[in-house]
Amino acid sequence: AQSVAQPEDQVNVAEGNPLTVKCTYSVSGNPYLFWYVQYPNRGLQFLLKYITGDNLVKGSYGFEAEFNKSQTSFHLKKPSALVSDSALYFCAVRSSRDDKIIFGKGTRLHILP
Amino acid sequence: NAGVTQTPKFRVLKTGQSMTLLCAQDMNHEYMYWYRQDPGMGLRLIHYSVGEGTTAKGEVPDGYNVSRLKKQNFLLGLESAAPSQTSVYFCASSYLRAGEEQFFGPGTRLTVL
């Protein structure tokens, strides 16, 4: 069965500093990996995805993520955090052998002014 | 385009009552999903559909039923609501290809007393 782990419930970063939100996964078959962001009282918005190819993928709002097959990780990164980046971030995975998309529990990102 | 819409936005039920949540999408997506979001639990997949007339169970299907009679609509039913079903429910849709991202609705906040 596929699963996603986001080991940190909350991450605090000072504005202007780089940020990382961690995600590890477990699937049988090839993984399709996604990051979504949720602002208060809103639905989820797609940020970026890894399907195949280059391990570093770039997405919306200056975010990027690095796929590491050996560590089964897909950490979300941004070089310089903004206060407006404060939100709830979800990692999700789908296996090439299945139709289900499974989400992690989410990581709340606080960017401190 | 409206994208993914959900009806209703809020609802309060008494234990044992029934209700149906409606999800509609105007993007001609083949796949549709129902998730519930609870604090500390992230998003958990209830049921999903890979096309008109098809449905499948997700991670937490008990107590829910679904139907996909039309491609653009995906209904989630609670036959006998329980307080444990108090949650925020999100619908999502996506294209058929495995690596396609999901588009989410704004959510339905359901309280069962």
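The values are calculated or read from the model by the stated rules, or taken from the named source; none is laboratory data. All values derive from a computational prediction rather than experimental measurement. All Cβ positions, even for glycine, are placed from backbone atoms using ideal geometry, and neighbour counts span all protein chains on display.
Data overview
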{"item": "Single residue of the range A:6-31 satisfying the filter (touching an Asp or Glu at 6+ places or on another chain (Cβ under 9 Å) and within 21 Å of A:TYR50 (Cα to Cα)) that is surrounded by the most Cβ atoms within 10 Å (Cβ to Cβ)", "result": "A:VAL21"}
{"item": "Selection from the range B:78-104 of residues that are of a type in the set (Gly, Ala, Ser), surrounded by 16 or more Cβ atoms within 10 Å (Cβ to Cβ), over 17 Å from B:GLY42 (Cβ atoms) and touching a residue at least 40 places away in the same chain (Cβ under 8 Å)", "result": "B:ALA81, B:SER93, B:SER94"}
{"item": "Conditions (1) under 22 Å from B:VAL4 (Cβ atoms); (2) among the hydrophobic types (A, V, I, L, M, F, W, C); (3) at pLDDT 95 or above; number of the one not met by A:ILE101", "result": "(3)"}
{"item": "Condition broken by A:PHE74, with the remaining ones in (1) surrounded by fewer than 14 Cβ atoms within 10 Å (Cβ to Cβ); (2) away from chain B (no Cβ under 13 Å); (3) more than 13 Å from A:VAL37 (Cβ to Cβ); (4) not β-branched (Val, Ile, Thr) satisfied", "result": "(1)"}
{"item": "Segments classed as strands (runs of 3 or more DSSP E), wholly inside the range A:42-113, with at least 3 members that are free of Cβ contacts under 8 Å to residues at least 12 places away in the same chain", "result": "A:56-58"}
{"item": "Flag for A:ASP54 being more than 12 Å from chain B (Cβ to nearest Cβ), out of contact with any His (no Cβ under 6 Å at 6 or more places or on another chain) and among the charged types (D, E, K, R)", "result": "yes"}
{"item": "The one condition in (1) in contact with a strand residue (DSSP E or B) (Cβ under 8 Å, 6 or more places away or on another chain); (2) at negative phi that B:GLY63 fails to fulfil", "result": "(2)"}
{"item": "Residue list for the range A:96-113, restricted to those being of a type in the set (Ser, Thr, Tyr) and more than 7 Å from chain B (Cβ to nearest Cβ)", "result": "A:THR107"}
{"item": "Contacts under 6 angstrom Cβ, first residue in the range B:27-52 being more than 9 Å from every other protein chain (Cβ to nearest Cβ) and under 16 Å from A:SER3 (Cα atoms), partner of a type in the set (Gly, Ala, Ser) and not in a strand (DSSP E or B), 6 or more apart", "result": "B:ILE46/B:GLY58"}
{"item": "Unmet criterion (only one of (1) surrounded by fewer than 19 Cβ atoms within 10 Å (Cβ to Cβ); (2) more than 28 Å from B:VAL88 (Cα to Cα); (3) more than 8 Å from chain B (Cβ to nearest Cβ)) for A:PHE67", "result": "(1)"}
{"item": "All positions within the range B:41-72 that are under 12 Å from the mean Cα position of the chain (by Cα), crowded, with 16+ Cβ neighbours inside 10 Å and in a strand (DSSP E or B)", "result": "B:LEU43, B:ARG44, B:LEU45, B:ILE46, B:HIS47, B:TYR48, B:SER49, B:VAL66"}
{"item": "Qualifying residue in the range B:23-31 (condition: surrounded by 13 or more Cβ atoms within 10 Å (Cβ to Cβ) and more than 22 Å from A:GLN45 (Cβ to Cβ))", "result": "no"}
{"item": "Residue within the range B:58-65 that is modelled with pLDDT of 95 or more, farther than 26 Å from A:CYS91 by Cα and of a type in the set (Ser, Thr, Tyr) present", "result": "no"}
{"item": "Members of the range B:43-92 that are within 17 Å of A:LEU44 (Cβ to Cβ) and among the hydroxyl-bearing types (Ser, Thr, Tyr)", "result": "B:TYR48, B:SER87, B:TYR89"}
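Rundown of residues vs (1) charged (D, E, K, R); (2) within 24 Å of B:TYR95 (Cβ to Cβ); (3) modelled with pLDDT under 95, yes/no style:
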position	(1), (2), (3)
A:ALA1	no, no, yes
A:ASN12	no, no, no
A:GLU15	yes, no, no
A:THR20	no, no, no
A:LEU33	no, yes, no
A:GLY53	no, yes, yes
A:LYS58	yes, yes, no
A:ALA65	no, yes, no
A:GLN71	no, no, no
